[in-house]
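This report concerns only the one structure given below.
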Amino acid sequence: MTNDKKISLLQKLLDKSASVTVESSSDPEFKSWKNLVERTLIKVFGKNSTEFEQFSALDFYYRVFIVTSSSDYTSDHLRVFRQDFKMLIASIEQYIEELAEEEPEIIKPSNEEKPLSKVFISHASADADVVEEVIEILETIGLESNQIFYTSFEGYGIDLGENFLNKIKEELSSDSLVIFILSDNFYKSPVCLCEMGATWVLAKEHIPMIIPPLDYSDIKGVIPLSQGLRINEAMKLNSLKDKIENDFSLSNSMSSSTWERKRDRIVARIEKHLTASTA
């Protein structure tokens, strides 16, 4: 809570003290105001603070140890009430003065960007076999399955009966990375082109990944603004690994030799899929 907010809350106590016109601890208006003081001091300073402790020590009435039928402590009650009431008002005024004199807290803007949290894979369903290998790459790099949104595989995408575009809007945000798996199938699909438009607006970053025989020269639309890679380019997959680790703040203990071995196995499977699709 800022000092300005604290001062505002304390000033309200002073303003509302004017409603206390009967000098008695049993007066309803006084009880209401006292309860407000208690809640406010806890909110501003905390229940274990010196300020709240000092308030709790005030009685607003004269403590009587021996009471007889002829005793009359009216004047004593009034004296103590006035003394404690005056002391509380003075304390609140002092708290306001001290808060006003404190140096304002300067909140420095953070230059660090928020890490990405999710990868959205935009693809044609006809390319699902190849795209599953992309998921294998991402999980090998260190992403969890709940960080990957992929519409063609159960557990990663859209459940049966869900609204397609609403689900995309729900999953995508400014901390999302979109990987477009571009192919002839992608450009022939009206759904993919619709998805491309939606993700372009909602996501933070975009990477085109091309399935041969499609080539860089075949990429259409706004996608050329992003640097891309062919899906079977081993060295470019190294760059993708570095980017994912950096953007998602992953701490990966995998050695270079282990990564390269797993990467090459995946690329080999991708090559088989590509060969089978053109046979």
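Read-outs: derived from the displayed coordinates by stated rules, not from any lab. Everything numeric in this text was worked out from a predicted model, so none of it was measured. Methodologically, a virtual Cβ is constructed for each residue, glycine included, from the backbone with ideal geometry; neighbour enumeration extends over all protein chains shown.
Data for the structure
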quantity	calculated
Reduced Cα scattering model of the stretch 1-88, Debye log10 I(q)/I(0), q = 0.11, 0.22, 0.24, 0.26 Å⁻¹	-0.36, -1.11, -1.24, -1.36
FRET efficiency estimate (nearest 0.05) - Cβ-Cβ, residue 265 to residue 125, R0 35 angstrom	0.90
Label-point separation, residue 4 to residue 277 (7 Å along Cα→Cβ), nm	5.7 nm
Spin-label pair residue 251/residue 53, simplified geometry with 7 Å Cα→Cβ offset, distance in nm	4.0 nm
Length released on extending from residue 74 to residue 89, taking residue separation times 0.36 nm less the Cα-Cα span	3.2 nm
Lysine pair number, Cα distance threshold 17 Å (strictly under), the stretch 5-86, separation 8 or more or different chains	16
Full-stretch length increase - residue 238, residue 23 - with 0.36 nm per residue and alpha-carbon distance subtracted	69.4 nm
Formal net charge of residues neighbouring residue 62 (Cβ-Cβ distance under 12 Å; K, R +1; D, E -1)	-1
Members of 236/262; 188/241; 118/243; 118/241 lying beyond 19 Å, as alpha-carbon distances in this model show	188/241
